[in-house]
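See below for the structure under consideration.
The values are calculated or read from the model by the stated rules, or taken from the named source; none is laboratory data. It should be emphasised that the depicted structure is a prediction, and the values quoted were computed from it without experimental measurement. Here the Cβ positions follow ideal geometry from the backbone for every residue, glycine too, while neighbour counts run over all protein chains shown.
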2 protein chains.
Amino acid sequence: MQRHFEVVEKELMERLLAMGGLTERMISSAVEALVERKTKPLETVAALEDEVNQLHIEVDDRCLKMIALHQPTATDLRFIMAAIKINSDLERIGDQAVNISENTALLLDEPQLKKKLLDIPRMAALAQRMLKDSLAAFVGKDVALARAVIAQDDAEDQLKSEAFHELQQLMQTDSSTVQRALCLILIARNLERIADHATNIAEDVIFIVLGKDIRHGAEAREPAPPA
Amino acid sequence: MQRHFEVVEKELMERLLAMGGLTERMISSAVEALVERKTKPLETVAALEDEVNQLHIEVDDRCLKMIALHQPTATDLRFIMAAIKINSDLERIGDQAVNISENTALLLDEPQLKKKLLDIPRMAALAQRMLKDSLAAFVGKDVALARAVIAQDDAEDQLKSEAFHELQQLMQTDSSTVQRALCLILIARNLERIADHATNIAEDVIFIVLGKDIRHGAEAREPAPPA
């Protein structure tokens, strides 16, 4: 029975990694369309969304069956609980990529802003790296890498605040930029949300490995371990 | 054993309803601050967030223990799977209320816009009703009410699109409104997201009762039942 559980656990992990790979491609396609001003990659985003949605349903169904058939406990059960959440985060990352794609389509209908994209490509690169690292931490059960992902979330928030500030100033000084700057503000918000979801995945990895729920700053509230 | 499961199931449902009640109060406090231009209710939002976050962690822990101790199957297991997701949706609804609260705080530092709040109070009322109804559907295992919630989501999206359009025009014609209109755009987006989470909860209720996963339009793709 335990042997068979390892097989289905491996299959589940493969599905989640496939979803992760698809969402990474959705983000990079949306960002490519934005930076290179091409519409073609937007079609890729739409096509991949369907695949992500199908896997989303399939993964939840597998988790349910794994619990019903194998009655897992301890680490195995924590793995499935985390898989249910990672599944939900990956699906939402796909949604955010679709939103980026929609705002990019609006931007491509208009002339390019003189200020171009500010730090948005940097925000995209950071969010993408956080997602990639959170999935690598999941595969490798790598707590140190998961913590490194969580530590980067503040940098993404900071980049978003700066982008908001600059784009707001642009709208105030030149009303012809309002629609385009608003699209970029919403894209910056989507990228920040992707980084938040990657952070959630990293927190789930720590939960699987250490059995500790560190969300909502729970770790900071704990007494320090004895030296 | 089954008797005891019913007791812990009831306790779990009570925790989720408590969270639901807290998030409803967070939204109504944030919206009260916005509409009445008062800062006091914003303090309520911050205080309630801590309670929601504590329940978020507690509910996940209870779900894990219920699976480990009771090895539930069929309806009982579906209930726990749905509880894990509803827990996550409620926590995110709380986050959205905090975001509304933050943008409201910025708005209260500025003079009121002449156009005031457009349809935003209507969006808030609809999102709040959807949340309330989704939780009532959960308690009553009421599929018809859950479907009614899902059917309202398009109306919320429509209201958001209209608010975006009007606020964008306002920013274009009067640059002094940019910051305030942007706050309102972000608040409209938060309310739309709350409606999305209420829709997710309604979909989970249908999953608990009928055992059918209707997300991503899966129901529409099914062949029609025989007449």
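Within this structure, B:Leu167 passes the test of being modelled with pLDDT of 95 or more and more than 21 Å from B:His216 (Cα to Cα).
Residue by residue, here is whether (1) modelled with pLDDT under 95; (2) surrounded by 21 or more Cβ atoms within 10 Å (Cβ to Cβ); (3) farther than 17 Å from A:Val209 by Cβ holds:
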| position | (1), (2), (3) |
| --- | --- |
| A:Val45 | no, yes, yes |
| A:Asp61 | no, no, yes |
| A:Ala74 | yes, no, no |
| A:Asn87 | no, yes, yes |
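Taking A:Val205, is it within 9 Å of chain B (Cβ to nearest Cβ) and either within 22 Å of A:Ala30 (Cα to Cα) or crowded, with 20+ Cβ neighbours inside 10 Å (or both)? Considered against the rule, which asks whether it is within 9 Å of chain B (Cβ to nearest Cβ) and either within 22 Å of A:Ala30 (Cα to Cα) or crowded, with 20+ Cβ neighbours inside 10 Å (or both), A:Val205 comes out as no. Close contacts from the stretch B:96-122, counting a first residue that is acidic (Asp, Glu) and a second that is surrounded by fewer than 16 Cβ atoms within 10 Å (Cβ to Cβ), with Cβ to Cβ under 7 Å and a gap of 6+ residues or different chains, come to B:Asp119/B:Glu162. Out of the residues in the stretch B:11-66 meeting the condition of being under 14 Å from the mean Cα position of the chain (by Cα) and among the hydroxyl-bearing types (Ser, Thr, Tyr), tell me which one is nearest to the other protein chains (Cβ to nearest Cβ). Among those that are under 14 Å from the mean Cα position of the chain (by Cα) and among the hydroxyl-bearing types (Ser, Thr, Tyr), it is B:Thr23.
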